2 protein chains.
Amino acid sequence: MPPATPPGRTGRPPVTSRAAIVSAARSLIDRDGWEQLTIRKLAAELNIGPTTLYHYVKNKQDLLLLLLNEYAAQMALPDLPEAPRDRIVEVTQALHDMLAAWPWAAEVLTVDGFLGLLDEPALSIVELIVDAAVDHGCTLDQAVDVFRSLWYYTIGEVLVRAHSSRGHADGEHLVQRATFHNLESPRLPRLSAVASRWRALAARDIYRKSLEAFVDGLLAQATAARTGQRTRSAKR
Amino acid sequence: MPPATPPGRTGRPPVTSRAAIVSAARSLIDRDGWEQLTIRKLAAELNIGPTTLYHYVKNKQDLLLLLLNEYAAQMALPDLPEAPRDRIVEVTQALHDMLAAWPWAAEVLTVDGFLGLLDEPALSIVELIVDAAVDHGCTLDQAVDVFRSLWYYTIGEVLVRAHSSRGHADGEHLVQRATFHNLESPRLPRLSAVASRWRALAARDIYRKSLEAFVDGLLAQATAARTGQRTRSAKR
DNA sequence: ACCTGAACACCGTTCAAGT
DNA sequence: ACCTGAACACCGTTCAAGT
């Protein structure tokens, strides 16, 4: 739906808009999966030439960033618990769930300096985590470290699981052909013992449980560092 | 260097071999970076047609797996500390360092069921971590969870940092154009306070420190679960 | 038994020319 | 002011035909 040419403007009227592009991209992803989002297919969806898109977005990365910021703005935050430790867990879990639902976002967010490219809604999630860590007693620097650590864990989990489900979605049967017979070696006693159950174990969702362990470990480490207390970790 | 046709075999002699392909791939990566490793460029390196490669490897994924297993076989393991907790940390750190040096490996390893595709040298690293967790007192299932959690953290860190350095290596200056002015919002007080220092903070290597916090958190959680002790994490 | 070129079905992006 | 087709410089992979 081309917007009406505003008064006082001249020249050929536009056939699309940034908003229409973002919305078309969303429906393309919802319908065919995010792997199908290409500049050319998006243009076809909008009935315009692929090159016309470059008048509205700088490049594909720019388009994904646009999509991501719009998505983050719509994200509903959970109720925030009072205890700072629980706040960190809940907000990080919400961040995880958002990324798990839109795994393409995780791939964009592995680019360097991505934080500087985010709009306020997305940044407010980072703010909440850093703020909660400071409330718990961390210094600002420690709080940033807490966020970064949880970020690595979260994005790693999302990326691995995204690639896993992609394998299932496609016609690829690599998964089923992986016999795990390599696990059955006398030099690998522990793995042999779980070989038959490995797939079932690996399918279990342990994100939340390990997130809590990580948060507790990070906060304890930060406290120990501040009080000069000797911990196992501080030995090194 | 085409191997001599063995006696008792007939037909057109081969112009290359699996070993030659893997070795050419390695030198291509070492020379031009792993993003430059394509089937076509690898074939050019070997002075053969791109399609000939498909007689030796099933597809590109298969080639990367070949490369990965060869790399893992050459990996030197650190001295193993006696304390199980320290052994987990050291082996995971070694795994991290291996992946950090060869970040393309991390991308292969996000495919589902990759464990079933690994050869024994690569699997023995997993074995060491699971074994150390069991030695510490974990059940086998808990030990697998410990490995998976550390794996997510490790691969997340490697992928983010790999994409970061890629941005620096290329002519892209996205990083330098990211002004971080979005961080300077009155609604983001914590981020505003670190905005100017964010880049320096994010460049710090915190992998080891947070790894120790994670391991301690995971082992404490596993112990608490076994002894039925109430912890913060067990509340939920 | 092994190799090959041509072809298929795509990508993101640039750019001079058109309306 | 905006849009376009043609072109550039690539991908991974298949397959019938050749040696």
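The values are calculated or read from the model by the stated rules, or taken from the named source; none is laboratory data. All of these numbers come straight from a predicted model, not from anything done at the bench. Here Cβ is always computed from backbone atoms with ideal geometry, including for glycine, and neighbour counts include all displayed protein chains.
Taking the condition farther than 22 Å from A:TYR207 by Cβ, assigned to a helix (DSSP H, G or I), touching a residue at least 40 places away in the same chain (Cβ under 8 Å) and out of contact with any Lys or Arg (no Cβ under 6 Å at 6 or more places or on another chain), does A:ASP141 pass?
The answer is no for A:ASP141.
Quickly run through the range A:184-197 and pick out the residues that are within 7 Å of chain B (Cβ to nearest Cβ) and in a helix (DSSP H, G or I). Walk me through it before giving the result.
Step one: list which residues in the range A:184-197 are within 7 Å of chain B (Cβ to nearest Cβ), which gives A:185, A:187-188, A:190-191, A:193-194.
The answer is A:ARG190, A:LEU191, A:ALA193, A:VAL194.
Every residue, every condition in (1) closer than 24 Å to A:GLN61 by Cβ; (2) modelled with pLDDT under 75, yes or no:
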{"residue": "B:ASP170", "(1), (2)": "yes, yes"}
{"residue": "B:HIS173", "(1), (2)": "yes, yes"}
{"residue": "B:ARG190", "(1), (2)": "no, no"}
{"residue": "B:ALA195", "(1), (2)": "yes, no"}
{"residue": "B:ALA203", "(1), (2)": "yes, no"}
{"residue": "B:TYR207", "(1), (2)": "no, no"}
{"residue": "B:ASP216", "(1), (2)": "no, no"}
{"residue": "B:THR223", "(1), (2)": "no, no"}
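So in the range B:124-142, with the set limited to residues that are within 7 Å of chain A (Cβ to nearest Cβ) and over 13 Å from the mean Cα position of the chain (by Cα), which one is nearest to B:ALA76 (Cα to Cα)?
B:SER124
Filter the range A:1-25 for residues that are at pLDDT below 90 and either within 27 Å of A:GLN74 (Cα to Cα) or more than 14 Å from DNA strand C (Cβ to nearest atom) (or both) and give the result.
Correct list: A:MET1, A:PRO2, A:PRO3, A:ALA4, A:PRO6, A:PRO7, A:GLY8, A:VAL15.
Of all residues in the range B:35-91, how many are within 13 Å of DNA strand C (Cβ to nearest atom) and not in a helix (DSSP H, G or I)?
Number of matching residues: 7.
Looking at the range B:104-113, which of the residues that are buried (at least 20 other Cβ atoms within 10 Å of the Cβ) and outside any loop (DSSP other than H, G, I, E, B) is nearest to the other protein chains (Cβ to nearest Cβ)?
Going through the qualifying residues, I end up with B:ALA106.
Among the residues of the range B:46-85, which ones are more than 20 Å from the chain's Cα centre (by Cα) and away from DNA strand D (no atom under 11 Å from the Cβ)?
Selection gives B:LEU46, B:ASN47, B:ILE48, B:TYR56, B:ASP79, B:LEU80, B:PRO81, B:GLU82, B:ALA83, B:PRO84, B:ARG85.
Is it true that some residue in the range A:26-37 is within 16 Å of DNA strand D (Cβ to nearest atom), surrounded by 15 or more Cβ atoms within 10 Å (Cβ to Cβ) and at pLDDT 90 or above?
No: the range A:26-37 contains no residue that is within 16 Å of DNA strand D (Cβ to nearest atom), surrounded by 15 or more Cβ atoms within 10 Å (Cβ to Cβ) and at pLDDT 90 or above.
Given the options B:VAL91, B:VAL134, name the one that is under 22 Å from A:ALA195 (Cβ atoms) and out of contact with any Lys or Arg (no Cβ under 9 Å at 6 or more places or on another chain).
On the way: B:VAL134 fails: out of contact with any Lys or Arg (no Cβ under 9 Å at 6 or more places or on another chain).
Of B:VAL91, B:VAL134, the one residue that is under 22 Å from A:ALA195 (Cβ atoms) and out of contact with any Lys or Arg (no Cβ under 9 Å at 6 or more places or on another chain) is B:VAL91.
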